[in-house]
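Chemist: Please find one structure pasted underneath; my questions will follow.
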Amino acid sequence: MSTSSEPGLRAPQPPTGPAPGSAVDTPAGQAARPAPPSGLLTVARAPGWVRYALLAAGLLAALWLPNGLYPAVAVDILCWALFAVSVDLLLGFTGLMSFGHAAFWGTSAYVTGLVAIHAGLPFPLAVLAGALAAALLAVPIGYLAVKRTGIYFAMVTLAFAQLVYYVANEWRSVTQGENGLQGVPREFFGLDLTDDYYFYYAVLPIVLLGLAAAWRIVHSPFGRVLVGIRDNPARARALGYPVHRYKLTAFVLSGFLAGLGGGLFAVGHRFVSLDVLHWTTSGKAVIVVVLGGIGTLWGGVLGAALVVRLEDWLSFSGFEAIGLVTGGIFVLVVLLFRRGIWGTVAHWALRRQGLRRR
Amino acid sequence: MSGFLQNTFNGLVGGAFYALLALGLAVIFGMLRVVNFAHGAFYMLGAFGAYVLLAEAGVPFWAALVIMPLALGLLGMALERAVIHRLARLDPLYNFLFTFGLTLILQDLVKSRYGVQSSPYATPAELSGTVDFGLFDFPTYRVFILGFTVLLCVAVWWVLGRTRIGTVVRAATERPELTRAFGIDVGRWVTPVFGFGIALAGLAGVLAAPMRAVNPLMGADLIIVVFAVVVIGGLGSIFGSVAAGFGIGLVQAWGEAYLSDFPIVSQTVVFVVMAAVLLWRPAGLFGREEAPA
């Protein structure tokens, strides 16, 4: 495996020396490591017409989706796409693997549901409230979690998400405990959106807006600094960037996007259960990203489409042990397909164009 | 006073499970830089194995206490050889993801065979009843767990600190390259150490079987608490992991006893402690320098 093959996650380390990214930034060993090209930047270097063609194809596919699938599944795919992109923003572009993003997805789902039920606001406003709540929650969690990196970051975020889960489980007067929030309305200025088919087209602009925001973040100077921090935190700090503050900002933005997805998910299902906060939800978001390709942004969208479709098909055909399949995907992808779908395609395209040498 | 002592004892027993699991995690992490998410699943397999052995083959507790750790340890060694070893050269996150996937698979395999309801496991006859400590009585089985775990931790500490094998393992943990330069075959010890860590998880599972509900999900929630425990203690420090395990057990038991109106407290106190430790000493209470992660 060549060093440049694994965007996002760090390249294989020689057995010696401190691994990169320890929290109390170990100075040695992380000096001049060549930055792995991310799949997204790869595509960004593709000719303009390729990029516009891909964008057009993606938009067309998004417009067509509910005609080819059950609209309810299509809505799920949109929500999960946003969720995956929010995780990739951290994992692929900041080098932080959040294993607790269900905390933001689920918190927003609950807040969205509560606001929609009790205030009767149009659903985009309820979702916005949910996403803001998620971003607010991301501030303390992120503040504590960015003190650690690498595998510790994953464990810390996982633990905090579990804390949120327990609180939601105990706070029955608000969350209805294991019964879940029922009857989340789809209020939208009197329009009838009970049909999932029309609801899909109401959700699509919001999701596209979220995806565009993620793209904008990654391609902004801010995003470049994040990638710099991912590749060499010590150097970023030496250059005078407040590394922790950048990471925290990325974490909160990511929490907001995850919350956007979670809120839409709640309105889409008209029901919120404790599952949205469970650690398996966090794990599923990560595997969706790895399947799509870490550090590719749009790979997560593809991964979401595949996993959601597959799970729907499995539950429809009466297969009980979905964890077996999800876990199997996890294991296979990690063992054999670490570049992910988008990463693999980008890699091939690169080789063909002879662009490998920078 | 006797109530307080009783709660303290309960806390130490609960902490014993955290300590055993954290100890396994810490030795594996030390040797391979791998955080084993499947540790909880192996704990569950230990308990389930004991249950199945008793229910379907009539194998008693004492035999299970030997068989299950051995079997799971061997399974762990095979797993290390087959997969973990290859992924260990990459970013540690890949092994975390791999063992996460493995957890889902193991859980669902057990679930599809035995369902999600809890299975009862009788306390072995020799350990039923209570021990009279003067001020209070305590179930014999719990006394046994505590004594056994403390003995085990001391034994591991002794092996690591006082024997040649322990010296090699500690050296390989801290300076793999230098250890190799002295002509010591570090790779030889990686697989046994991984197997040993898994065996500890299995052992904890067997010990838990008579005391806690045996069901496919028993390990999953526990392992997340144990992750918080090792963040508190400092994963690089074996002593720290064990101490944090017992400490969290104590705090939980006291919370349960004196704040019983707020069940949320004993569930979440470990995460609150973790947050405080992250604020105060990000490397963990006993983590001297940050271990490479």
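The values are calculated or read from the model by the stated rules, or taken from the named source; none is laboratory data. As the structure is a computational prediction, the values presented were derived from the model and not from experiment. In this analysis, Cβ positions are derived from the backbone assuming ideal geometry, glycine residues included, and neighbour counts consider all displayed protein chains.
Chemist: Given the criterion more than 14 Å from A:Gly259 (Cα to Cα), among the hydrophobic types (A, V, I, L, M, F, W, C) and out of contact with any strand residue (DSSP E or B) (no Cβ under 8 Å at 6 or more places or on another chain), identify the matching residue among A:Leu121, A:Leu132, A:Leu136.
Modeler: Of A:Leu121, A:Leu132, A:Leu136, the one residue that is more than 14 Å from A:Gly259 (Cα to Cα), among the hydrophobic types (A, V, I, L, M, F, W, C) and out of contact with any strand residue (DSSP E or B) (no Cβ under 8 Å at 6 or more places or on another chain) is A:Leu121.
Chemist: Pick out the one residue from B:Leu207, B:Leu235 that is more than 11 Å from every other protein chain (Cβ to nearest Cβ), buried (at least 19 other Cβ atoms within 10 Å of the Cβ) and of a type outside the set (Gly, Ala, Ser).
Modeler: Of B:Leu207, B:Leu235, the one residue that is more than 11 Å from every other protein chain (Cβ to nearest Cβ), buried (at least 19 other Cβ atoms within 10 Å of the Cβ) and of a type outside the set (Gly, Ala, Ser) is B:Leu207.
Chemist: So B:Val34 clears everything in (1) in contact with a Pro (Cβ under 9 Å, 6 or more places away or on another chain); (2) within 21 Å of B:Val214 (Cα to Cα) except one condition, right? Which one?
Modeler: (2)
Chemist: Hey, another quick one. Considering (1) surrounded by 24 or more Cβ atoms within 10 Å (Cβ to Cβ); (2) part of a helix (DSSP H, G or I); (3) in contact with a Phe, Trp or Tyr (Cβ under 6 Å, 6 or more places away or on another chain), say which one B:Ala22 fails and leave the rest.
Modeler: (3)
Chemist: Look at B:Ala16 and say whether it is within 11 Å of another protein chain (Cβ to nearest Cβ) and farther than 24 Å from A:Lys284 by Cα.
Modeler: The answer is no for B:Ala16.
Chemist: Being buried (at least 24 other Cβ atoms within 10 Å of the Cβ) and not in a helix (DSSP H, G or I), is that true of even one residue in the stretch A:310-331?
Modeler: no
Chemist: When you look at A:Ala159, is it touching a residue at least 40 places away in the same chain (Cβ under 8 Å), among the small types (Gly, Ala, Ser) and over 21 Å from A:Val207 (Cα atoms), yes or no?
Modeler: yes
Chemist: Output the residues belonging to the stretch A:251-298 that are assigned to a helix (DSSP H, G or I) and touching a strand residue (DSSP E or B) at 6+ places or on another chain (Cβ under 8 Å).
Modeler: Once the filter is applied, which keeps residues that are assigned to a helix (DSSP H, G or I) and touching a strand residue (DSSP E or B) at 6+ places or on another chain (Cβ under 8 Å), the stretch A:251-298 yields only A:Ala266.
Chemist: Return a yes/no flag: does the stretch B:147-161 have any residue that is without any contact (Cβ under 8 Å) to a residue 12 or more places away in the chain and at positive phi.
Modeler: Checked the stretch B:147-161: no residue is without any contact (Cβ under 8 Å) to a residue 12 or more places away in the chain and at positive phi.
Chemist: Within the stretch A:323-340, count every residue that is on the phi > 0 side of the Ramachandran plot and within 7 Å of another protein chain (Cβ to nearest Cβ).
Modeler: 0
Chemist: Against the definition (charged (D, E, K, R), in a helix (DSSP H, G or I) and farther than 30 Å from B:Ala125 by Cβ), how does B:Glu56 come out, yes or no?
Modeler: No; evaluated as a whole, the condition is false for this residue.
Chemist: Follow-up. Would you confirm whether any residue within the stretch A:255-276 is within 13 Å of chain B (Cβ to nearest Cβ) and not basic (Lys, Arg)? Steps first, please.
Modeler: Narrowing the stretch A:255-276 to residues within 13 Å of chain B (Cβ to nearest Cβ): A:274.
If we keep only those that are not basic (Lys, Arg) as well, we get A:274.
Yes, that holds for at least one residue.
Chemist: Condition first: under 25 Å from A:Phe160 (Cβ atoms) and assigned to a helix (DSSP H, G or I). Now tell me which residues in the stretch A:238-250 satisfy that.
Modeler: A:Val243, A:His244, A:Arg245, A:Tyr246, A:Lys247, A:Leu248, A:Thr249, A:Ala250
Chemist: A:Ala72: buried (at least 24 other Cβ atoms within 10 Å of the Cβ) and farther than 16 Å from A:Gly293 by Cα, yes or no?
Modeler: Numbers: buried (at least 24 other Cβ atoms within 10 Å of the Cβ): no; farther than 16 Å from A:Gly293 by Cα: yes.
Answer is no for this residue.
Chemist: Would you please name the residue that is nearest to B:Pro210 (Cα to Cα), looking only at residues in the stretch B:74-91 that are within 20 Å of the chain's Cα centre (by Cα) and within 12 Å of chain A (Cβ to nearest Cβ)?
Modeler: Across the stretch B:74-91, the extreme among qualifying residues is B:Leu79.
Chemist: Every residue in the stretch B:85-95 that is surrounded by fewer than 24 Cβ atoms within 10 Å (Cβ to Cβ) and part of a helix (DSSP H, G or I), please.
Modeler: Residues satisfying the conditions are B:His85, B:Arg86, B:Leu87, B:Tyr94.
Chemist: From the list A:Val203, A:Val146, A:Val243, exactly one residue is among the aliphatic types (A, V, I, L, M), over 19 Å from B:Met274 (Cα atoms) and within 14 Å of another protein chain (Cβ to nearest Cβ). Which is it?
Modeler: Among A:Val203, A:Val146, A:Val243, only A:Val243 is among the aliphatic types (A, V, I, L, M), over 19 Å from B:Met274 (Cα atoms) and within 14 Å of another protein chain (Cβ to nearest Cβ).
Chemist: Oh, and also: Output the residues belonging to the stretch B:260-293 that are modelled with pLDDT under 75 and at the interface with another protein chain (Cβ under 7 Å from one of its Cβ atoms).
Modeler: B:Glu290, B:Pro292, B:Ala293
Chemist: Still on this structure, I have one more. Of the conditions (1) free of Cβ contacts under 8 Å to residues at least 12 places away in the same chain; (2) closer than 30 Å to A:Pro47 by Cα; (3) in contact with a Lys or Arg (Cβ under 9 Å, 6 or more places away or on another chain), A:Arg351 satisfies every one except a single condition; which number is it?
Modeler: Against the list (1) free of Cβ contacts under 8 Å to residues at least 12 places away in the same chain; (2) closer than 30 Å to A:Pro47 by Cα; (3) in contact with a Lys or Arg (Cβ under 9 Å, 6 or more places away or on another chain), A:Arg351 comes up short only on (3).
Chemist: Also, I was wondering about something else. Go through the stretch A:164-192 and report how many residues are without any contact (Cβ under 8 Å) to a residue 40 or more places away in the chain, surrounded by 13 or more Cβ atoms within 10 Å (Cβ to Cβ) and either assigned to a helix (DSSP H, G or I) or within 12 Å of chain B (Cβ to nearest Cβ) (or both).
Modeler: Total meeting the criteria: 4.
Chemist: Quick check on the stretch A:268-289. Is at least one of its residues buried (at least 20 other Cβ atoms within 10 Å of the Cβ), farther than 24 Å from A:Pro71 by Cα, modelled with pLDDT under 90 and β-branched (Val, Ile, Thr)?
Modeler: no
Chemist: Of the residues that make up the stretch B:34-45, is at least one over 16 Å from the mean Cα position of the chain (by Cα) and surrounded by 18 or more Cβ atoms within 10 Å (Cβ to Cβ)?
Modeler: No, because not a single residue in the stretch B:34-45 is over 16 Å from the mean Cα position of the chain (by Cα) and surrounded by 18 or more Cβ atoms within 10 Å (Cβ to Cβ).
Chemist: A follow-up question, please. Any residue at all in the stretch B:119-138 that's surrounded by 16 or more Cβ atoms within 10 Å (Cβ to Cβ) and at pLDDT 85 or above?
Modeler: For the stretch B:119-138, residues surrounded by 16 or more Cβ atoms within 10 Å (Cβ to Cβ) and at pLDDT 85 or above: absent.
Chemist: Right, next: Of the numbered conditions (1) farther than 25 Å from B:Val83 by Cβ; (2) more than 20 Å from the chain's Cα centre (by Cα); (3) more than 12 Å from every other protein chain (Cβ to nearest Cβ), A:Glu320 fails exactly one; give the number of that condition.
Modeler: All conditions pass for A:Glu320, except number (3).
Chemist: Please state which one of A:Phe93, A:Phe83, A:Phe99, A:Phe104 is within 25 Å of B:Asp91 (Cα to Cα) and assigned to a helix (DSSP H, G or I). Show your work before the answer.
Modeler: Working: A:Phe93 fails: assigned to a helix (DSSP H, G or I); A:Phe99 fails: assigned to a helix (DSSP H, G or I); A:Phe104 fails: within 25 Å of B:Asp91 (Cα to Cα).
Criteria check complete, one pass: A:Phe83.
Chemist: Right, something else. Restricted to the stretch B:211-232, and to residues that are small (Gly, Ala, Ser) and farther than 13 Å from A:Leu158 by Cα, which residue is surrounded by the fewest Cβ atoms within 10 Å (Cβ to Cβ)?
Modeler: The initial filter retains those residues of the stretch B:211-232 that are small (Gly, Ala, Ser), namely B:213, B:219-220, B:228.
Subset that is farther than 13 Å from A:Leu158 by Cα: B:213, B:219.
Details: B:Ala213: 14, B:Gly219: 30.
Among those residues, the one meeting the criterion is B:Ala213.
Chemist: Next up: If you take the residues of the stretch B:101-149 that are within 14 Å of chain A (Cβ to nearest Cβ) and among the charged types (D, E, K, R), which of them is farthest from B:Leu250 (Cα to Cα)?
Modeler: Checked the stretch B:101-149; the qualifying residue farthest from B:Leu250 (Cα to Cα) is B:Arg113.
Chemist: Can B:Phe42 be described as assigned to a helix (DSSP H, G or I), more than 30 Å from A:Ser98 (Cβ to Cβ) and either modelled with pLDDT under 90 or away from chain A (no Cβ under 14 Å) (or both)?
Modeler: No; evaluated as a whole, the condition is false for this residue.
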